[in-house]
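J.: Mind having a look at this structure? Questions to follow.
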Amino acid sequence: MALLQISEPGQTPDPHTRRVAIGIDLGTTHSLVAAVRHGVAECLPDSHGRAILPSVVRYLDGGRRAIGAEALAAQADDPLNTVVSVKRLMGRALADVAGHAKLPYRFVDRPGMVAIDTRAGVKTPVEVSAEILATLRQRAQDSFDSDELFGAVITVPAYFDDAQRQATKDAARLAGLNVLRLINEPTAAAVAYGLDNASEGLYAVFDLGGGTFDISLLRLTQGVFEVVATGGDAALGGDDFDAALAEWALAAAGRRASSAHDRRAVLVAARAAKEGLTTSTLQTLACALGDGPLRVAVTREQFEVLAKPLIDKAMASVRRVLRDAALVREDVEGVVLVGGSTRMPSVQRAVGEWFGRPPLTNLNPDEVVAVGAAIQANQLAGNAADGEILLLDVIPLSLGIETMGGLVERIVERNSTIPTAKAQDFTTYQDGQTAMALHVVQGERELVADCRSLARFELRGIPPMVAGAARIRMSFEVDADGLLNVAARELNSGVEATITVKPSYGLVDDDIARMLREGFASADEDAVVRSLREARVDAERLLLATRSALAADADLLSADEAADIEGLLAATQRVAGGDDHHAIDAAVKALAAGTEAFAAARMNRGIRRALTGRRVDEI
Amino acid sequence: MNLDDNDFTLFGLPERFALDRSDLDARWRRLQGSAHPDRHAAEGPAARRVAMQWSVRLNQAYRRLREPLTRAAYLCELRGAPIEGHNNTAMPAAFLHQQMAWREALDNAQSDAGLADLDLQVRSAERELLAQLATALDEQPAPALAAEHVRALMFVHRFCADLSQRIDALHD
């Protein structure tokens, strides 16, 4: 009989135990979860062997919900309570959602983000997305037979703005996931491709999904994936091809889809016909409408006429992004197709002709994004060998603030590598002005009205001065998730205002707690238990990380400094396993503060090594 | 090595205008390889914060060193001849005449060919200014003269932006 190993109380049994980290592609039409198992990144199937989870949530009676294939099958029968393509609503007000009038929902127009009234009550896109994410989290836990996920990398379209990214992160938190990083879908695809094909050079990733289009240019150099420029259209995808075909078919038959059921039914039929036209040249679009069956024959040629304006729109983005990068198409060494919509022959043809080379399609376009995310998640969890890959991504849209006359002063330019920070000084307009309203926007247009409003905040308590004498320094900081923090400070007086850019609908912790109380799908334990568990996990992680830092670089510390850190470690260790949430938090804070100088010294050493390594190469 | 060190020191490069772009790129990738927050994701909050600061600082320095215009402006500042683009717009008359001629040509250009011709002219002027900058910064050294060239280059770049906007409008 094998002996069971028991570790010292509070010690992680084996510091080299692999942490389970997953990659999630939260797509418009379908979602996937992948993880690195036995050294290989692969999509995790459900109990029926299906990797793809349709991104559909149906709210049923009695607080039940159906998620995935089952919900998808019911979408035409129960359109009001079956939410499809929710990604198009993330971080959007009703007015921002193109074609919302044709969607079969009872929309609730709220400031910030639209919501949908279902039989289970009003649901925000964040909550709907969280149902999908929680389903995938559960699938991953079942696959690994483990309740402890270290964390997840979630992908977002490169062209998502701050509001859409924040909404995605909120949904992940609500689903009980520790978000290691948000990464851009084309970047994730490039990671999967680049590693699979050992590529080097400049690559274009053309990602046409169900609802979004991204084009990214990446330079691959020895494991570094550097995004040179990115562009796209956050509202262009397969759904638009379906809608164009549905409209055409109704017009051809002289019919109308007047009810929610009819509108959904004809869209479903259009999508089936579109998919059929990938391999055949003639399809029949058929469905049952309220006033009788609809049957319309459609040839591939006819469909391609409808598709052309949409493809042209995508190709215009491709040209723009090359111009942004000051590159020409001949510089591109390979074009990778990602997203189910790139299966359309007319899309493949247009891309191939424009770049003058056949696009690469040797990885499954549905799975490649999740696989790339899983590789990155594995790396961020510390499982991969050191220095394997590094992603250097960019911010897709410029950030600025409103100045006099509704004009935008751009502060962070699009395609700046993240993380990034920039400061700019502003001054007062009137004598004695003591407050200033600041309005942060994102977009490329000169007028505030044409950009996306991210946040408004006020700086008060500026000492009265003559106009133009105050110096207000605005600092923008964009982190590695592409999320923005803004701070403003009056330099003469030191008056300060800081905000995390959370648009008016952004969830605060109270919202999350409330949603959990209200019996959210992922809430299999109450919020207090969960937060205590999270605090313990945090403490364990910090203990482990600090010990391995000491093991590597203790020589940077004097004997006194080392003793101080040991003391803090011991104090944290004492409370880490206990039930006192506040004691754990306080110990973790003290340990973090007490290791600040050590962290700086270690970084310094790392930077020096990076530079000397280079010099050695040169010799 | 310090966050406050100047960009050249951070990248281990001599303080001069001439620069090997591929060497700069390689240094940047290498430095980010040890500083980037992703490299410290599994560490504590202190390490993550330091990583964020360094990564931001390296990106800022890389962006400034990468573009000849910002690199030149930075060198002028380091050598006591700040550009002050907003306050100092006095330019030689000949330069202003040329600018006006370009503006006129841009307003009157109707075709791709006309714009392409203008584009060639502007690019050649840009190359000439860059060559003069290299001399003023690396050979003479004459920071005040270099600052004047930088201001001229700023005008040229602004014009380039307008020009490519026109070319875009014609294509889209």
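No lab work stands behind these numbers, since they all come straight from the coordinates. All figures in this text were calculated on a predicted structure; none of them were measured in a lab. Don't worry about glycine lacking a Cβ; one is built from the backbone with ideal geometry, like all the others, and counts go over all protein chains shown.
J.: Say each of A:ASP585 and A:ALA601 gets a label point 7 Å from the Cα, pointing the same way as Cα to Cβ; how far apart are those two points in nm?
T.: 3.1
J.: So what are the ³J(HN,Hα) numbers for region A:65-75, from phi and the Karplus equation (6.51, -1.76, 1.60; θ = phi - 60°), rounded to whole Hz, Gly and Pro as x?
T.: For region A:65-75, the Karplus curve yields 9, 10, 10, x, 4, 5, 5, 4, 5, 9, 4 Hz.
J.: Taking all pairs of different Cα atoms in region A:238-306, averaging 1/r and flipping that mean, what Kirkwood radius in angstroms comes out?
T.: 11.6
J.: Using a 10 Å cut-off around each Cβ, can you sort A:MET436, B:MET1 from fewest to most neighbouring Cβ atoms?
T.: B:MET1, A:MET436
J.: Calculate for chain A the 222 nm mean residue ellipticity that helices alone would give, adding -39,500 (n - 2.57) per DSSP H run of length 4 or more and normalising by residue count, nearest 500 deg cm²/dmol. Please report the intermediate quantities before stating the final value.
T.: Values: 14 runs with 224 residues, N = 619.
Value at 222 nm, helices only: -12000 deg cm²/dmol.
J.: Calculate the FRET efficiency for A:ASP77 and A:VAL97 from the Cβ-Cβ distance with a Förster distance of 25 Å, rounded to the nearest 0.05.
T.: Efficiency, from the Cβ-Cβ distance: 0.60.
J.: Could I ask something else about it? Arrange the peptides A:151-164, A:349-362, A:103-116 so that the one whose residues have, on average, the most other Cβ atoms within 10 Å appears first. Don't skip to the answer; put the middle values down first.
T.: Working: A:151-164: 26.8, A:349-362: 15.1, A:103-116: 17.6.
Result, highest mean Cβ count within 10 Å first: A:151-164, A:103-116, A:349-362.
J.: Follow-up question, since we're still on this one. What is the order of A:ARG137, A:ARG50, B:ARG151, fewest Cβ neighbours within 10 Å to most?
T.: A:ARG50, B:ARG151, A:ARG137
J.: Tell me, what is the Rg over Rh of region B:7-66, with Rh the Kirkwood radius over Cα pairs? Each step should come with its number before you reach the end.
T.: On the way: Rg = 12.5 Å, Rh = 12.0 Å.
Expressed as Rg/Rh, it is 1.04.
J.: Points 7 angstrom from Cα along the Cβ direction at A:ARG349 and A:ARG119: gap in nanometres?
T.: 4.5
J.: Could I ask something else about it? In what order do A:LYS422, A:LYS589 fall by count of nearby beta-carbon atoms within 10 Å, going from fewest to most?
T.: Neighbour counts put them in this order, fewest first: A:LYS589, A:LYS422.
J.: For A:GLU446 and A:LYS308, calculate 0.36 nm times their separation in residues minus their Cα-Cα distance, and state this gained length in nm to one decimal.
T.: Full extension of this stretch gives 46.7 nm more.
J.: Right, next: Between B:ALA169 and A:ASN362, what's the calculated FRET efficiency when r is the beta-carbon distance and R0 is 35 Å? Round to 0.05.
T.: Efficiency, from the Cβ-Cβ distance: 0.35.
J.: For peptide B:49-60, compute the average count of partner chain beta-carbon atoms within 10 Å of each residue's beta-carbon. Mind dumping the intermediate values first?
T.: Numbers: counts 4, 11, 6, 5, 5, 6, 9, 10, 3, 4, 8, 5.
Average neighbour count from other chains, rounded to a whole number: 6.
J.: Along the three principal axes, how long is region B:1-106 when you take its alpha carbons, biggest first, rounded to the nearest angstrom?
T.: Result for region B:1-106: principal-axis Cα extents of 59, 32, 27 Å.
J.: Right, another one. Quote the charge dipole size of chain A about the Cα centre in Debye, to the nearest 20; the model charges only the Cβ of Lys and Arg (+1) and of Asp and Glu (-1).
T.: That gives chain A a dipole magnitude of about 1380 debye.
J.: Once the mean 1/r over all distinct Cα pairs of chain A is inverted, what Kirkwood radius in angstroms do you read off?
T.: Averaging 1/r across every pair of different Cα atoms and inverting gives 26.5 Å.
J.: Same structure again: Sequence-distant or interchain residues sharing an amide H contact under 5 Å with A:THR212, placed H: which?
T.: A:LEU236, A:GLY238
J.: Order these peptides, A:87-97, B:137-147, A:369-379, B:13-23, by their mean beta-carbon neighbour count within 10 angstrom, highest first.
T.: A:369-379, A:87-97, B:137-147, B:13-23
J.: Continuing with the same structure: Can you tell which of A:ALA288, A:PHE241, A:ALA307 lies farthest toward the positive end of the dipole of region A:203-317, using +1 and -1 charges on the Cβ of basic and acidic side chains (Lys, Arg; Asp, Glu)?
T.: Most positive-ward Cα: A:ALA288.
J.: Peptide A:595-608: average number of partner chain Cβ atoms within 10 Å per residue?
T.: The per-residue average across the peptide is 6.
J.: Between A:ASP291 and A:ARG50, 0.36 nm times their residue separation minus their Cα-Cα distance comes to what?
T.: 83.2 nm
J.: With only Lys, Arg, Asp and Glu charged, each at its Cβ (+1 for the first two, -1 for the last two), find how big the charge dipole of region B:93-171 is about the Cα centre; round to the nearest 20 debye.
T.: 140
J.: State the Cα centre-to-centre distance between region B:53-122 and region A:309-328 in whole Å.
T.: So the separation of the two Cα centres works out to 25 Å.
J.: Right, another one. Taking K and R as +1 and D and E as -1, what net charge do the other residues with C-beta under 12 Å from the C-beta of B:GLY44 add up to?
T.: +2
J.: In debye, nearest 20: dipole of region B:10-139 around its Cα centre with unit charges on the Cβ of K, R (+) and D, E (-)?
T.: Magnitude of the dipole: close to 880 debye.
J.: While we're on this one: Could you work out the mean count of beta carbons from other protein chains within 10 Å of each residue's beta carbon in B:17-30?
T.: Partner Cβ neighbours, averaged per residue: 3.
J.: Taking amide H positions as placed 1.01 Å from N in the peptide plane, with prolines and chain starts having none, which residues 5 or more places from A:ASN415, or on another chain, fall under 5 Å of its amide H?
T.: Here the answer is A:ILE395, A:LEU397, since their amide H atoms fall under 5 Å of that of A:ASN415.
J.: If you plug each phi of region A:329-345 into the Karplus form 6.51 cos²θ - 1.76 cosθ + 1.60 with θ = phi - 60°, what whole-Hz ³J(HN,Hα) values come out, in order, with x for Gly and Pro?
T.: With coefficients 6.51, -1.76 and 1.60, one gets 4, 5, 5, 7, 8, x, 10, 9, 9, 9, x, x, 5, 7, 6, 4, x Hz.
J.: Still on this structure, I have one more. Just to confirm the number: angle between the C-alpha axis of helix A:162-174 and the first principal axis of chain A, 0 to 90 degrees, nearest 10?
T.: For helix A:162-174, the angle is close to 80 degrees.
J.: Right, next: Per-residue HN-Hα couplings for region A:350-367, Karplus 6.51 cos²θ - 1.76 cosθ + 1.60 at θ = phi - 60°, whole Hz, x for Gly and Pro?
T.: 4, 5, x, 5, 5, 7, x, 7, x, x, 7, 9, 7, 10, 4, x, 6, 9
J.: Related question: Straight-line reach only, C-alpha to C-alpha below 16 angstrom: list the lysines that A:LYS169 could link to, leaving out same-chain residues fewer than 8 apart.
T.: Partners found: A:LYS87, A:LYS502.
J.: Here's a follow-up. Amide H of A:SER31: which non-local residues (sequence gap of 5 or more, or other chain) have their own amide H closer than 5 Å, using H built in the peptide plane?
T.: A:LEU53, A:SER55
J.: Between A:LEU282 and A:ASN197, what is the FRET efficiency for a Förster distance of 35 Å, r being their Cβ-Cβ separation, to the nearest 0.05?
T.: 0.45
J.: Report the full-extension gain for the segment A:ARG608 to A:THR427: residue separation times 0.36 nm, less the Cα-Cα distance, to one decimal in nm.
T.: Additional length available on full extension: 61.2 nm.
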